[in-house]
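Read the structure below first, then the notes.
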């Protein structure tokens, strides 16, 4: 007895073996795929839609059996053998790779980027390193297929034949064909082995199948009914199944996923990976050339001190393997050396308390010297002195009107209230007559006589926003007769604060935008709030304010209170402890927002769960749920009031952050709200426009902001509270922008947001600046210092922190500086660049530059085209330039917009590529960008609401 070495090869030439290998390969890979995503959905939804997840697999089984692995008389054609063998080997190879990759890393292969990996530096070595595991897996798949081959093919054949015969029988009954064709009945029993000669078993099987009598009528009807019912149920489930992730991704089966990857190939597939294929460095030469070679010769980022960060070297992932490395199961690496931060918690859970600031105020040497790499992880962090795009205006003078007012009015900032307005476009804060939004509303009316009546209605739409921003709206004649609000009396003689025109969001995704506004950092360009898994690379505002009340070592807890440091007779408030709270009326369980709040340093959070708690102070709620997230904003008014009242009673300074929710889809307002209007005229032949409902939520929010200021006025906190208002992102509408949604949509309306710094004793100042929410923290700290609202120790700490942040102070002139090698500031030779992640974060990037009106939408890991616009020529981005390759885009831009625009596109694209991986480095994150490439444990809670019970599906 001996083993035939050619047996495996011979087996692969037989359709039965090919079919078994094909099925085993794709089905085992699919079961592993579904198992890894078991926690991606509530268990009820997982079970309900499970048949749809296997729909592709059943189709593969039937189609391959009928058209490829079929036999006639025990024989099959040569081309079927060849196609069947190639398909089986290809599928088994891909399945083996996917299974081996999962066993090594716990993640899934990004097929769309596979070609990019193999073509990059070290690609062949990476492939060879995984060859033993893939070979072993392939062997196991082949062994399983070999074992089941004798029975599996015949079993599938039998089931399909019974179903087919049952339908034929049913069809015959309908046609009244009851007699069985005598030609189909064998004359002799095939089970009797009367021949001494051997008979081909495949041939014998086919003969038996062809001569088998049809099923009984009752059996045929039962099989047909069951089959039709199953098909109809699965089709219904497929139709009603949500189109959002992860449903479609969970349904994917090899080789369909390979076909999809080849057909819908991303333009920049390397961004699908967990790490760069090759090390990307800042494009210094192209950057300086675009700005006419005006950079200082000893510009700090190009110095030897920053060489480790900005000069060529081996790819970082070779030194710092991410979650696809052999020993790494977390996307984040270790904290910076000497950092007081706690490491990332196990299993992605939050630490017991908020982290300390990344940069110690009393550790000036932290930023000096090159970063160290230790173990197997890049330590992350931010070095402002080596950031090529870092600009500073801290050396510039304070805006003249503001400086004079501070000297005379001596404003007092005891408390800070940060209002983040959900989905609030800049052109809605306030709405202006003659704007595109106004003209869209007006265009729905056919009679010219309705303009005056419409203007009266629209004058009330953003009345509070118009007052706070100080911008002229064109509705002033109609607002003169509006009822006076008591809180407005606190704003006298053109006082009110700084209104910034030109602010854009860092992320068109709420929670990423909150990270930028509260922590002064740029978002992580990956899907959903992966920022909660690691550490935020800068201290957030609650942590900064807490640090300001802690004296440095060797100092007394309280400095002596003298006449010189007394402001309005209450000098000791500057030494008072800060109390921070995050307040919203909706759930904080979406995408791990509760973890994010904790990481940002908030000691207290009031959200839907607190409002619904019978033990809460203001229970029961006065309003029911208004949307699928929670209550209307008015349910938080009592809690906001308590914060400021308790702060005064306990001699504490209050920092409160409040996120609104009404302007979020589905644009719902309380049923008993009396302010609802019809802004767009409805026509019978025209479908309902969601923009009308959105306008109502803007009106509701505007009234709510007025209620907040009224509350501050009533409790006596308005005159010593700095109110910062911004939007998390905008929202595009088809009727206004010829574009819809904020998901994977780079339209400018999704990014332009309001930004205001309001105080009754600050003069009204209009600042036109291309800036982002990263400037909120520097502006707040600068205001606290300039208004003498900090103790001398805290002011010194604030001044030490200011240069560490990427944003700029918006109360100073925008005369930017850069650093040279000796640390001295010199005039900057460029203007700020802005990079904004687009919802959900890892698929598209928006790039803008303050020195131009150009915008580039750069696809990352998505099959979305490149997009260029010039806001000067096309402010509404109605006619963008769209292309599928950079060469095509560059050629079109050069013809339509000139050489400068062409050069800018080339530069912006290179900067975008550098920025993505530079952000990964800052965050110390080396996981995959898209949520569909993560395992179920990694995806748990991402982009969805966490539930208390397994049966909850809402």
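Worth a mention:
- As a summary of the residue check, residue 621 satisfies the conditions (1) assigned to a loop (DSSP other than H, G, I, E, B); (2) in contact (Cβ under 8 Å) with a residue 60 or more places away in the chain; (3) surrounded by 15 or more Cβ atoms within 10 Å (Cβ to Cβ) except for the one numbered (2).
- Qualifying residue in segment 702-721 (condition: out of contact with any helix residue (DSSP H, G or I) (no Cβ under 6 Å at 6 or more places or on another chain), crowded, with 22+ Cβ neighbours inside 10 Å and assigned to a loop (DSSP other than H, G, I, E, B)): no
- Test result for residue 431, in contact (Cβ under 8 Å) with a residue 40 or more places away in the chain, surrounded by 16 or more Cβ atoms within 10 Å (Cβ to Cβ) and closer than 20 Å to residue 677 by Cβ: yes
- Test: residue 454 is in contact with a helix residue (DSSP H, G or I) (Cβ under 8 Å, 6 or more places away or on another chain), farther than 30 Å from residue 525 by Cα and surrounded by fewer than 21 Cβ atoms within 10 Å (Cβ to Cβ): yes
- Count of segment 855-878 residues, restricted to those that are part of a strand (DSSP E or B) and surrounded by 22 or more Cβ atoms within 10 Å (Cβ to Cβ), is 8.
- If you go through segment 671-693 and pick out every residue that is farther than 15 Å from residue 424 by Cα and surrounded by 19 or more Cβ atoms within 10 Å (Cβ to Cβ), you end up with 3.
- Filter pass, residue 436 being touching a strand residue (DSSP E or B) at 6+ places or on another chain (Cβ under 8 Å) and farther than 29 Å from residue 645 by Cβ: no
- Residues being buried (at least 16 other Cβ atoms within 10 Å of the Cβ) and either outside any loop (DSSP other than H, G, I, E, B) or at pLDDT 90 or above (or both) - total across segment 530-564: 17
- Candidates 628, 639: the one that is touching a strand residue (DSSP E or B) at 6+ places or on another chain (Cβ under 8 Å), under 30 Å from residue 523 (Cβ atoms) and in contact (Cβ under 8 Å) with a residue 40 or more places away in the chain is 639.
- Restricting attention to segment 297-306 and to residues that are at pLDDT below 90 and out of contact with any helix residue (DSSP H, G or I) (no Cβ under 9 Å at 6 or more places or on another chain), the residue that is surrounded by the most Cβ atoms within 10 Å (Cβ to Cβ) turns out to be 304.
Quick grid of which residues meet (1) farther than 23 Å from residue 463 by Cα; (2) without any contact (Cβ under 8 Å) to a residue 40 or more places away in the chain; (3) out of contact with any strand residue (DSSP E or B) (no Cβ under 9 Å at 6 or more places or on another chain):
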residue: 656; (1), (2), (3): yes, no, no
residue: 669; (1), (2), (3): no, no, yes
residue: 680; (1), (2), (3): no, no, yes
residue: 688; (1), (2), (3): yes, yes, yes
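- Only one of 795, 800 that is touching a helix residue (DSSP H, G or I) at 6+ places or on another chain (Cβ under 9 Å), assigned to a helix (DSSP H, G or I) and free of Cβ contacts under 8 Å to residues at least 12 places away in the same chain: 795
- Meets criteria (at positive phi, in contact (Cβ under 8 Å) with a residue 24 or more places away in the chain and either out of contact with any helix residue (DSSP H, G or I) (no Cβ under 7 Å at 6 or more places or on another chain) or not assigned by TED's automatic domain parsing to the domain that holds residue 710 (or both)) for residue 651: yes
- Look at (1) surrounded by fewer than 21 Cβ atoms within 10 Å (Cβ to Cβ); (2) at pLDDT 95 or above; (3) touching a strand residue (DSSP E or B) at 6+ places or on another chain (Cβ under 9 Å); (4) under 30 Å from residue 784 (Cα atoms) and you find that residue 799 fails only one, number (3).
The values are calculated or read from the model by the stated rules, or taken from the named source; none is laboratory data. Predicted, not measured: the structure shown is a model, and the values here were computed from it. Cβ atoms come from the backbone with ideal geometry, glycine included; neighbour counts cover every protein chain shown.
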